[in-house]
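**Q** This structure is in structure tokens; I'll ask about it shortly.
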Amino acid sequence: MAQVEQLIDGIYRLERRIDGANAPFAVYFIKDGDGAIVEPGPAVLVPDIREAAKELGLSKPQYIIPTHIHLDHAGGVGRLAEIFPDTTIVVNRQGAKHIVDPSRLIESTRMAFGDDFESTYGPILPVPESRLRVVSDGDRLTVGNRELLIIHTPGHAGHHMSIFDTKTKGLFCGEALGLIYGPGYPPLPAVAPPGFDLELYLKDMKNLMALKPRLLFYSHGTIADEPEKLIKTVMENTRLVGAFIRRYLKAGESEEAIIGHVGDYLRDQFNAPLDEYELMSNVKGYTHYFRKKGLI
Ligand SMILES: [Zn+2]
């Protein structure tokens, strides 16, 4: 059994851990009309998604909507498009070209996750352009009796969008509201080069808070039911971690040394022992941003 769990009226979640990845993955299903799958995750989850969809009676989902095209959020869309030949894949303009021709995406995934990423996450396959619906900020999708509002949240990466279910006021926030690495961890910024933009990231958080969501559906396992408090905390933490890294960059320290400092800082101040890959991603992402803005 795929074991889907109902969260709230018509919204279901499937949670999976995969070997070699730290945080769990959450795939969401909206059961209303023909239904939709939000945040399909990497291709390795496809058999579970197929089974869960069957369990929920979603034989022809209307839409598959990844929040953004990074491997751990949308790696499986190519394979899912084959399995569900009537389903439309929803992406924004920045994401569309990489979904149709994933060669650059595969290249950057290799750099981030290693040459053999497929053995852990499964392959990234292209989606024919005719299968896409390209959306922009403010667009609304109708799924059964509900409307999904698309909010462009480019701070994590230009191709990132958040999806607000106006019926339940549940927000599929992807990585726009940071990451909660595990139970008991505080929310920390989700930072990856080269797309991360600190200024836009904070702006996205303010925009999402203004929607007054009731629930936050994170992509790596967690659901948060005190959105306003959580968003304020993640904004604060995003600024703190950025200021910490910038100070060492200005002092001319090496990337390796800064990774060590940030690791200690997050462990001691936030009780969040991140692994080497996560620390590197944070340091590289902030460094790229500060350089781009001439701030170091
Ligand atoms: Zn991402």
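The values are calculated or read from the model by the stated rules, or taken from the named source; none is laboratory data. It should be emphasised that the depicted structure is a prediction, and the values quoted were computed from it without experimental measurement. Here the Cβ is made from the backbone with ideal geometry for all residues, glycine too, and neighbour counts use every protein chain on show. Remember, those area values only see protein heavy atoms, side chains included, never the ligands or the DNA or RNA. Shrake-Rupley method; radii C 1.70, N 1.55, O 1.52, S 1.80 Å.
**Q** Scan the range 114-132 and give yes if some residue there is of a type in the set (Asp, Glu), away from the ligand (no atom under 14 Å from the Cβ) and within 23 Å of Leu279 (Cβ to Cβ), otherwise no. Before you say what the answer is, go through the steps one by one.
**A** So the first thing to find is which residues in the range 114-132 are of a type in the set (Asp, Glu), and the list is 115-116, 118, 129.
Those left that are additionally away from the ligand (no atom under 14 Å from the Cβ): 115-116, 118, 129.
Within this subset, residues satisfying the condition of being within 23 Å of Leu279 (Cβ to Cβ) are 115-116.
So far as the range 114-132 goes, yes, one or more of its residues are of a type in the set (Asp, Glu), away from the ligand (no atom under 14 Å from the Cβ) and within 23 Å of Leu279 (Cβ to Cβ).
**Q** Inside the range 47-91, can you point out the residues that are buried (at least 24 other Cβ atoms within 10 Å of the Cβ), of a type outside the set (A, V, I, L, M) and away from the ligand (no atom under 16 Å from the Cβ)?
**A** Hit for the range 47-91 is Pro61, nothing else.
**Q** So which residues in the range 9-18 are open to solvent by less than 30 Å² (accessible area, probe 1.4 Å) and farther than 19 Å from Val77 by Cβ, if there are any at all?
**A** Quick first cut of the range 9-18, residues open to solvent by less than 30 Å² (accessible area, probe 1.4 Å) only: 10-11, 13-14, 18.
Answer for the range 9-18, where residues must be open to solvent by less than 30 Å² (accessible area, probe 1.4 Å) and farther than 19 Å from Val77 by Cβ: Gly10, Ile11.
**Q** Specify the residue that is most open to solvent (accessible area, probe 1.4 Å); the eligible residues are those in the range 218-237 that are within 16 Å of the ligand (Cβ to nearest atom) and either modelled with pLDDT under 95 or out of contact with any strand residue (DSSP E or B) (no Cβ under 8 Å at 6 or more places or on another chain) (or both).
**A** Filtering first and then ranking leaves Thr222.
**Q** Could you say whether any residue in the range 261-275 is basic (Lys, Arg) and farther than 24 Å from Ile11 by Cα?
**A** Within the range 261-275 (the criterion being basic (Lys, Arg) and farther than 24 Å from Ile11 by Cα), the answer is yes, since at least one residue qualifies.
**Q** Where the second residue is away from the ligand (no atom under 11 Å from the Cβ) and charged (D, E, K, R) and the first is under 14 Å from Ala190 (Cα atoms) and open to solvent by 10 Å² or more (accessible area, probe 1.4 Å) and lies in the range 147-175, which pairs have Cβ atoms under 8 Å and are six or more apart or on separate chains?
**A** Hits for this filter: Pro154/Asp197; Pro154/Asp204.
**Q** Asn207: within 13 Å of Phe164 (Cα to Cα) and either out of contact with any Asp or Glu (no Cβ under 6 Å at 6 or more places or on another chain) or open to solvent by less than 80 Å² (accessible area, probe 1.4 Å) (or both), yes or no?
**A** In short, yes.
Each row is one residue, and each column tells you yes or no for (1) open to solvent by 60 Å² or more (accessible area, probe 1.4 Å); (2) of a type in the set (Val, Ile, Thr); (3) farther than 18 Å from Glu118 by Cα.
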| site | (1), (2), (3) |
| --- | --- |
| Gly20 | yes, no, no |
| Ala23 | no, no, no |
| Val27 | no, yes, yes |
| Asp34 | yes, no, yes |
| Pro40 | no, no, no |
| Leu45 | no, no, no |
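**Q** Could you tell me which numbered condition Pro186 fails, if it satisfies all but one of (1) in contact (Cβ under 8 Å) with a residue 60 or more places away in the chain; (2) surrounded by fewer than 22 Cβ atoms within 10 Å (Cβ to Cβ); (3) over 25 Å from Val283 (Cβ atoms)?
**A** (3)
**Q** Now for a different question. Return yes when Glu255 is of a type in the set (D, E, K, R), loosely packed, with under 15 Cβ neighbours inside 10 Å and touching a residue at least 12 places away in the same chain (Cβ under 8 Å) and no when it is not.
**A** The answer is yes for Glu255.
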